[in-house]
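Only the coordinates and a few stated rules stand behind these numbers; no lab work does. Owing to the predicted nature of the structure, the values given are computational and were not obtained by experimental measurement. Here Cβ is always computed from backbone atoms with ideal geometry, including for glycine, and neighbour counts include all displayed protein chains.
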Amino acid sequence: MVSALLPHRVAVIGASGYGGLQTVRLIQSHSQLRVTFLGGHGSVGSHWRELAPFLETGPDLRVARPDPDAIAAAADLVVLSLPNGRASTLAPALLERGLRVVDLSADYRFAQLEDWRQVYGSHGAVERADAGLCAEAVYGLPEFNRPAITTARLVACPGCFPTASLLALLPLLKEGLVLPEGIVIDAKTGTSGGGREARQHLLLAEAGEAVVPYGVEGHRHTREMEIQAATLARSRPLRLQFTPHLLPMVRGLLATVYGQLSASDCSAAQLASHFRDTYRDHPCVDVLPVGVYPSTKWVRQTNRALLSVAANPHTGQVIVMAALDNLLKGQAGQAVQCLNIMLGLPDPMGLPLDPFYP
Ligand SMILES: NC(=O)c1ccc[n+]([C@@H]2O[C@H](COP(=O)([O-])OP(=O)(O)OC[C@H]3O[C@@H](n4cnc5c(N)ncnc54)[C@H](OP(=O)(O)O)[C@@H]3O)[C@@H](O)[C@H]2O)c1
């Protein structure tokens, strides 16, 4: 049910980063949400106009330290867009004060704190004692977890690679159309996936005119995908090979999932029809006709994921391609989609679905 107290007040913590900037921008054009607090660290004291002088409109606010009492006085909902390990230093205090929280980091993507420690334990050496919140947090993949998101206090948005990969994989796994063994995810992303902080490998001189694989053995998103795929599809445990590549583009992500069909005579047309049925009521995901393959440009600056399904009778494999904008459907757009669901609003409210093309 839609609350009578509109628009809803939202705090964005990490406003100066890529995720924060996108979140504020989306909320600015959202009729039911309003940004009422900006939080950060190095940018504390900066006015929004200084952070985003290229935008016509924006909140008349300065970035403040993310003091939980000050946030609770200003807002009802919080989007945390912080480096891994930082959200868990804030979320418990925000929840205690009755706020609902959407986190873009990996801090609450694992129901078992121990799993997070194994994958992210070296990040910022944060000591955590919030195992209960890890168990409570709801994985914010709306297309497969809507009922839980509706009532959640704490939503953990998936990573950008897991969003694309799970949208491609889950319709197959849920129906037992693919064997859980030997699945390979080959993915490409642009440099904004690494955030706004300066890093040598993201310099134009390093990343320009180059395609570079990284994290080939045990990228941190692998475990998140293995756990969430098995949980959301109620399948037996999975082991995935995930190979990401950095491409010389700013935004955009393409994940191609390869798996062995359990019935090798399943055609691409049958598979595509199954995918269309799966996403029929989900306005942020579309399935292309068989033989049409998605481009990251077709989803740039949108909250839409575009999928395409192929089958190779020669190898008995299914191949699913998923393209999305890592900063929108892979991050800030997904956060706003989750806020919409938490507030009983339509999924795509305030979210662009058509790209500015080319
Ligand atoms: N980029 C993507 O494609 C993508 C996709 C999905 C998920 N994610 C996840 O989303 C989160 C944000 O990513 P991003 O790319 O937006 O990062 P980013 O551009 O590096 O921004 C990080 C933000 O965190 C703030 N910050 C850092 N330390 C802080 C602290 N101690 N207290 C308060 N604020 C602090 C920074 O504020 P100051 O400038 O004020 O220091 C900055 O605004 C990360 O966890 C990332 O893994 C990213």
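Summary table
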{"quantity": "Restricting region 202-241 to trypsin sites (Lys or Arg not before Pro) in coil, as DSSP defines it, with at most 16 other Cβ within 10 Å", "calculated": "R234, R239"}
{"quantity": "Pairwise label distance in nanometres, A135 with A205, each label 7 Å out on the Cα-Cβ vector", "calculated": "5.2 nm"}
{"quantity": "Region 110-170 shape via C-alpha gyration tensor axes, a/c threshold 1.5", "calculated": "oblate"}
{"quantity": "Set of aspartates and glutamates near K297 by C-alpha distance (under 17 Å), chain-local residues within fewer than 8 positions excluded", "calculated": "D286, D325, D354"}
{"quantity": "Calculated FRET efficiency for the pair R146/H41, C-beta based, R₀ 56 Å, to 0.05", "calculated": "0.95"}
{"quantity": "Relative contact order (%) - region 250-358, alpha-carbon pairs under 8 angstrom, separation at least six", "calculated": "32 percent"}
{"quantity": "Antiparallel bridges, percent of DSSP beta bridges restricted to region 161-325 (to nearest 5)", "calculated": "75 percent"}
{"quantity": "Cubic angstrom per residue, convex hull over Cα atoms of region 307-358", "calculated": "121 Å³"}
{"quantity": "Percent of alpha-carbon pairs separated by more than 40 Å within the chain", "calculated": "10 percent"}
{"quantity": "Gained length - R65 relative to Y293, 0.36 nm times residue gap less alpha-carbon distance", "calculated": "77.6 nm"}
{"quantity": "Cβ-defined net charge surrounding L253, 14 Å radius [Lys, Arg +1; Asp, Glu -1]", "calculated": "+4"}
{"quantity": "Between region 1-74 and region 150-216, the alpha-carbon center distance in angstrom", "calculated": "26 Å"}
{"quantity": "Length-normalised contact order for the chain - Cα pairs under 8 Å, 6+ apart - percent", "calculated": "17 percent"}
{"quantity": "Per-q log10 I(q)/I(0), region 8-136, q = 0.19 Å⁻¹ (Debye; single scatterer per alpha-carbon; no solvent)", "calculated": "-1.02"}
{"quantity": "Under the Karplus curve 6.51 cos²θ - 1.76 cosθ + 1.60, θ = phi - 60°, whole-Hz ³J(HN,Hα) for region 177-189, x wherever Gly or Pro sits", "calculated": "7, 10, 6, x, 8, x, 6, 10, 10, 10, 9, 10, 9"}
{"quantity": "Chain lengthening between Q112 and V212 when straightened (0.36 nm per residue, less Cα-Cα)", "calculated": "32.8 nm"}
{"quantity": "Loop-located GluC sites (Glu not before Pro) in region 38-100, at most 15 other Cβ atoms within 10 Å (DSSP)", "calculated": "E56"}
{"quantity": "Loop-located GluC sites (Glu not before Pro) in region 102-139 whose Cβ has at most 16 other Cβ within 10 Å (DSSP)", "calculated": "E127"}
{"quantity": "DSSP beta bridges in the chain [antiparallel fraction, %, rounded to 5]", "calculated": "45 percent"}
{"quantity": "Mean separation of Cα contacts under 8 Å, 6 or more apart, over the residue count of region 161-325: relative contact order %", "calculated": "29 percent"}
{"quantity": "F356 paired with R239, simple spin-label distance in nm, labels 7 Å along Cα-to-beta-carbon", "calculated": "4.7 nm"}
{"quantity": "Likely footprinting exposure, T278, T23, T89, T189, fewest C-beta neighbours within 10 Å first", "calculated": "T89, T278, T189, T23"}
{"quantity": "Karplus (6.51, -1.76, 1.60) ³J(HN,Hα), θ = phi - 60°, over region 238-249, in Hz, Gly and Pro reported as x", "calculated": "10, 10, 10, 9, 10, 10, x, 10, 8, 10, x, 9"}
{"quantity": "Cα long-axis angle, helix 18-28 against the chain (0 to 90 degrees, to the nearest 10)", "calculated": "70 degrees"}
{"quantity": "Helix 142-151 axis, angle to the chain major axis (alpha carbon atoms, nearest 10°)", "calculated": "40 degrees"}
